[in-house]
Amino acid sequence: MKNVEETMVRQASRLAVAPMMDWTDRHCRAFHRVLSRRALLYTEMVTAQAILHGDRARLLDYDAAEHPVALQLGGSDPADLAGAVRIAADWGYDEINLNVGCPSDRVQSGCFGAVLMERPALVAECVAAMIAESPVEVTVKCRIGVDDQVPEEVLPRFLETVAAAGVTRFTIHARKAWLQGLSPKENRDIPPLDYPLVAAMKRAYPHLHLSVNGGIATLGAAQDFLALGLDGVMIGRAAYHDPYTILAGADATIFGGDPGPDRAAAVAAMRPHIARHLEAGGRLNQVTRHMLGLFHGQPGARAWRRMLSEGAAKPGAGLDLYDAAAAQVLARAA
Ligand SMILES: Cc1cc2nc3c(=O)[nH]c(=O)nc-3n(C[C@H](O)[C@H](O)[C@H](O)COP(=O)(O)O)c2cc1C
């Protein structure tokens, strides 16, 4: 029997914003939460080692307004991961996710991320250790395989092995990672997408909660996957670059709830967050760099982007610059 909290997070995972290093930091998440009250948000990946030995407040603090929010961990040592989960439990994240998809060199050298697709038994040990320490659901984000693995063979075995250790919710980035010869960026575009395989996994394992990720750029496409029987859709780059279209539309389209704010209301809703950040000694662009896409496709979008990207990094840049950038773009929309 699932508890209420877990049921709510699973509902939120009908539409999730992907974990993205350097992008989905707390300021980005605060902005995304203004646009959608319902979507599930993920942190950037944080390594277990960093939590064990680093500045925990900097790595783990977030704003209560961000809920529901999932913490993504990277690692491959069961004891380290368990220790990181034990520490992070105090922060009250709604889900803990293990990264089995990231192909970057740094991650490969530590033997974690996508290379773990080759080691399902180790992933099972990791998640079992995490589950033993976690007050919330532990989930896995994976690929369909790596290098010359045959996805039709390895993905079912991976899901079965990890599910036997207690994970029943997965997000599958529907392409392989090629660990040699492609940059992390190329690994998000070049290996071909295989959505039918992910749909086949849902048919084969109806008791697993499966979300699909990779190359999904519209809410219409997300709806199509849900209609196919997938439990959730995770969107990364499209949600970051065109946050208004994806996220302000999501609550009504995907969750059957109220429509999101209009752009002017979103600008206004971010002012208190920005003000607090500036008061705490932060810079304007640390927040506004995530908001450059707010007016994507609208008249004045270019000036909004230019004013914020040129001005907001300067010392002393504050709400007056933010308000001026918003005023010029909103005047053109009126
Ligand atoms: C800048 C950037 C950073 C990323 N960092 C992570 C990460 O920390 N953890 C992870 O699991 N995936 C990471 N990813 C991959 C995304 O979560 C997602 O799987 C991928 O972008 C495919 O989804 P999309 O086509 O909707 O963008 C990152 C992607 C981008 C663009």
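The values are calculated or read from the model by the stated rules, or taken from the named source; none is laboratory data. Keep in mind the model is a prediction, meaning the values are calculated, not measured. Neighbour counts run over all protein chains shown; Cβ positions are idealised from the backbone, glycine included. These area figures cover heavy atoms from the full protein model, side chains too; ligands, DNA and RNA do not enter into them. Shrake-Rupley method; radii C 1.70, N 1.55, O 1.52, S 1.80 Å.
Within segment 63-91, being surrounded by fewer than 20 Cβ atoms within 10 Å (Cβ to Cβ) and either among the basic types (K, R) or touching a strand residue (DSSP E or B) at 6+ places or on another chain (Cβ under 7 Å) (or both) holds for E66, R86.
For the structure I just gave you, tell me whether S13 is small (G, A, S) and open to solvent by less than 20 Å² (accessible area, probe 1.4 Å). Yes, satisfied.
Here's the yes/no breakdown for (1) more than 16 Å from the ligand (Cβ to nearest atom); (2) modelled with pLDDT of 95 or more; (3) not in a helix (DSSP H, G or I):
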site: Q72; (1), (2), (3): no, yes, yes
site: A79; (1), (2), (3): yes, yes, no
site: A82; (1), (2), (3): yes, yes, no
site: Q108; (1), (2), (3): no, no, no
site: M130; (1), (2), (3): no, yes, no
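Taken over segment 238-256, residues that are surrounded by fewer than 24 Cβ atoms within 10 Å (Cβ to Cβ) and in contact (Cβ under 8 Å) with a residue 24 or more places away in the chain amount to 11.
Matching residues to (1) open to solvent by 70 Å² or more (accessible area, probe 1.4 Å); (2) of a type outside the set (F, W, Y); (3) assigned to a helix (DSSP H, G or I); (4) over 25 Å from M21 (Cα atoms):
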{"site": "A269", "(1), (2), (3), (4)": "no, yes, yes, no"}
{"site": "G282", "(1), (2), (3), (4)": "no, yes, no, no"}
{"site": "H290", "(1), (2), (3), (4)": "no, yes, yes, no"}
{"site": "H296", "(1), (2), (3), (4)": "yes, yes, no, no"}
{"site": "A303", "(1), (2), (3), (4)": "no, yes, yes, yes"}
{"site": "L308", "(1), (2), (3), (4)": "no, yes, yes, no"}
{"site": "A313", "(1), (2), (3), (4)": "no, yes, no, no"}
{"site": "G316", "(1), (2), (3), (4)": "yes, yes, no, yes"}
{"site": "A324", "(1), (2), (3), (4)": "no, yes, yes, yes"}
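The condition of being closer than 19 Å to Q49 by Cα and at pLDDT 95 or above holds for only one of E125, E152, that being E125.
Looking at E125, is it part of a strand (DSSP E or B) and surrounded by fewer than 23 Cβ atoms within 10 Å (Cβ to Cβ)? Considered against the rule, which asks whether it is part of a strand (DSSP E or B) and surrounded by fewer than 23 Cβ atoms within 10 Å (Cβ to Cβ), E125 comes out as no.
The selection criterion, being within 16 Å of the ligand (Cβ to nearest atom), closer than 19 Å to R237 by Cβ, open to solvent by less than 10 Å² (accessible area, probe 1.4 Å) and not in a strand (DSSP E or B), holds for T24.
Contact map, segment 196-213: residues that are without any contact (Cβ under 8 Å) to a residue 60 or more places away in the chain paired with residues that are open to solvent by less than 20 Å² (accessible area, probe 1.4 Å) and among the polar types (S, T, N, Q), Cβ distance under 8 Å, separation 6+ or inter-chain. Pairs shown: L210/T171; V212/T171. In segment 198-234, of all residues being over 19 Å from T253 (Cβ atoms), away from the ligand (no atom under 16 Å from the Cβ) and part of a helix (DSSP H, G or I), the one that is most open to solvent (accessible area, probe 1.4 Å) corresponds to R203.
Scan segment 144-165 and give yes if some residue there is within 22 Å of L41 (Cα to Cα) and either assigned to a helix (DSSP H, G or I) or more than 16 Å from the ligand (Cβ to nearest atom) (or both), otherwise no. No; the residues of segment 144-165 include none that is within 22 Å of L41 (Cα to Cα) and either assigned to a helix (DSSP H, G or I) or more than 16 Å from the ligand (Cβ to nearest atom) (or both). I need a count of the residues in segment 166-182 that are part of a loop (DSSP other than H, G, I, E, B), under 20 Å from the mean Cα position of the chain (by Cα) and either within 12 Å of the ligand (Cβ to nearest atom) or within 21 Å of M21 (Cα to Cα) (or both). Total meeting the criteria: 3.
Within segment 27-58, the set of residues being more than 14 Å from the ligand (Cβ to nearest atom) and closer than 23 Å to L208 by Cα comprises just one member, R38. Please verify whether D90 is in a helix (DSSP H, G or I) and of a type in the set (D, E), treating the condition exactly as stated. When the stated conditions are applied, D90 passes them.
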